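Novice: First, the structure itself, so that you have it in front of you.
Rule-based calculations on the coordinates, nothing more; no lab input. Remember, predicted model here, so these are calculated numbers, not experimental data. All Cβ positions, glycine included, derive from the backbone under ideal geometry; neighbour counts span all protein chains shown.
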Amino acid sequence: MRLAVTGAHGQVATSLMERGPVHGHEIVAVGRPAFDLAEPETILPALAAVQPDVIVSAAAYTAVDKAEGEPAAAHTANAVGARHVAAAARELGVPLVHLSTDYVFAGDKDAPYVESDPTGPIGVYGASKLAGELAVLEEHADGSAILRTAWVYSPFGGNFLKTMLRLAGDRDQVNVVYDQLGNPTSALDIADGVLAVAERLAADAAGELRGVFHMTAEGETHWAGFAEAIFASSAVHGGPSARVHAIPTSEYPTPARRPANSRLDCGKLASVHGVRLPPWRESTEAVVARLLA
């Protein structure tokens, strides 16, 4: 199976490039300048040139804080761009796997979110991604699976895990918030999950395989707990470690508000697609070990 993946240098796209051949699939990453979400006229030609069996829509405007000052740019990429990718998939007659985020929720629920819960983004980034979800469903509902994920990290690009390891090399103590809950999720595990869903979509036209699904690692923690696990794994492998000083969100202000609860219930994905991602601690250990090696 040949998959066209948008966003050539993102964490998920890079992970798909690595994991695809392991599962016997060809991954073709498309990115700028040939493919640009901000230039819709490039989207269909770039994807058509790949002649894909499935399209994975992974490219996005992901600068959460910067989006607060650039709402038009975030909307152009995450909503308008997503619509054109979905329209291209429909035009080419192939399924689409579209990646979305926990930020479509307000974060005020006291339990993990399920797919049917009301959305209510509290920032520009989340609003733009929600608009993208709606656009995908309007353009290609009978051929698309939307996968919401959260707290993504990997050996690639910039992410929380790599930031913690860098900070531990410079200081003895790191301040990390404790009052935001979520599911730390390895992009390598996301890639495996995306490939499994893509295989089902390509092989089976059943409607229940389409729609919105949550896909995060098993288990939950807060950012401070995630940092502690990173440092513990690093210490085992002879890498840098630091003490975690847990602080409330109020002591770490950012331009964009973060959801206090980013936990996603992934039961629907497991029951419909048979996909469950590994426990977050297991995958954190693997990524830390790989980086330190």
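Novice: Got a sec to turn the phi values of the range 174-179 into Karplus ³J(HN,Hα) couplings, 6.51 cos²θ - 1.76 cosθ + 1.60 with θ = phi - 60°, whole Hz, x for Gly and Pro?
Specialist: Working through the residues one at a time gives 10, 7, 9, 6, 10, 10 Hz.
Novice: Using a Cα-Cα cut-off of under 24 Å, which lysines could be cross-linked to residue 162, ignoring same-chain neighbours fewer than 8 residues away?
Specialist: Cα-Cα hits under 24 Å: 66.
Novice: When DSSP beta bridges are limited to those with both residues in the chain, what percentage is antiparallel, rounded to the nearest 5? If you can, show how the numbers build up before the last one.
Specialist: On the way: 2 of 33 bridges.
Around 5 percent of the beta bridges assigned by DSSP in the chain are antiparallel ones.
Novice: Under unit Cβ charges (Lys, Arg +1; Asp, Glu -1), what dipole magnitude, rounded to 20 debye, does the chain have relative to its Cα centre? Write down the numbers at each step before the final one.
Specialist: Numbers: 22 positive and 34 negative charges, 94 e Å.
Dipole about the Cα centre, nearest 20: 460 debye.
Novice: Among 75, 245, 271, whose Cα lies farthest out toward the positive end of the dipole of the chain, if unit charges sit on the beta carbon of Lys, Arg (+1) and Asp, Glu (-1)?
Specialist: Farthest along the dipole direction, towards plus: 245.
Novice: Follow-up question, since we're still on this one. With unit charges on the beta carbon (Lys/Arg positive, Asp/Glu negative), name the residue among 93, 42, 20 whose Cα is farthest towards the positive pole of the charge dipole of the range 20-110.
Specialist: 93
Novice: Among 32, 83, what is the fewest-to-most ranking by other Cβ atoms within 10 Å? It would help to have the intermediate numbers written out before the result.
Specialist: Numbers: 32 15, 83 20.
If I rank by nearby Cβ atoms, fewest first, I get 32, 83.
Novice: Also, I was wondering about something else. Please list 3J(HN,Hα) in residue order for the range 87-99, calculated via the Karplus relation 6.51 cos²θ - 1.76 cosθ + 1.60 where θ = phi - 60°; whole Hz, with x for glycine and proline.
Specialist: Residue by residue, the range 87-99 yields 5, 5, 4, 5, 4, 7, x, 10, x, 10, 10, 10, 8 Hz.
Novice: Where Lys and Arg each count +1 and Asp and Glu each count -1, what net charge lies around residue 209 among other residues with Cβ under 12 Å from its Cβ? Intermediate values should be presented prior to the final figure.
Specialist: On the way: positive: 200, 210, 268; negative: 142, 199, 204, 208.
Combined, the nearby Lys, Arg, Asp and Glu give -1.
Novice: Show me 40-51, 262-273 ranked by packing, highest mean number of other Cβ atoms within 10 Å first.
Specialist: On the way: 40-51: 16.3, 262-273: 19.8.
Going from most to least packed, we get 262-273, 40-51.
Novice: Moving to a separate point now. Residues with amide H under 5 Å of residue 144's amide H, sequence separation 5 or more or different chain, H placed in the peptide plane at 1.01 Å from N; which?
Specialist: Close amide H contacts, sequence-distant or interchain: 96, 211.
Novice: Evaluated at 25 °C with a viscosity of 0.890 mPa s, what Stokes-Einstein diffusion coefficient in µm²/s does the range 228-291 have when Rh comes from the Kirkwood expression over alpha-carbon pairs?
Specialist: Values: Rh = 14.9 Å.
Reported coefficient: 164 µm²/s.
Novice: What does the charge dipole of the range 123-169 about its Cα centre add up to, to the nearest 20 debye, if the Cβ of each Lys and Arg holds +1 and the Cβ of each Asp and Glu holds -1? Each step should come with its number before you reach the end.
Specialist: Working: 4 positive and 4 negative charges, 100 e Å.
In debye, rounded to 20, the range 123-169 gives about 480.
Novice: Return an integer: the convex hull volume of the alpha-carbon atoms of the chain, in Å³ per residue. It would help to have the intermediate numbers written out before the result.
Specialist: Values: hull volume 35.5 nm³, N = 293.
Cα convex hull per residue, to the nearest whole number: 121 Å³.
Novice: With point charges of +1 on the Cβ of Lys and Arg and -1 on the Cβ of Asp and Glu, referenced to the Cα centre of the chain, which listed residue (293, 151, 121) lies farthest in the positive direction of the dipole?
Specialist: Of the listed residues, the answer is 293.
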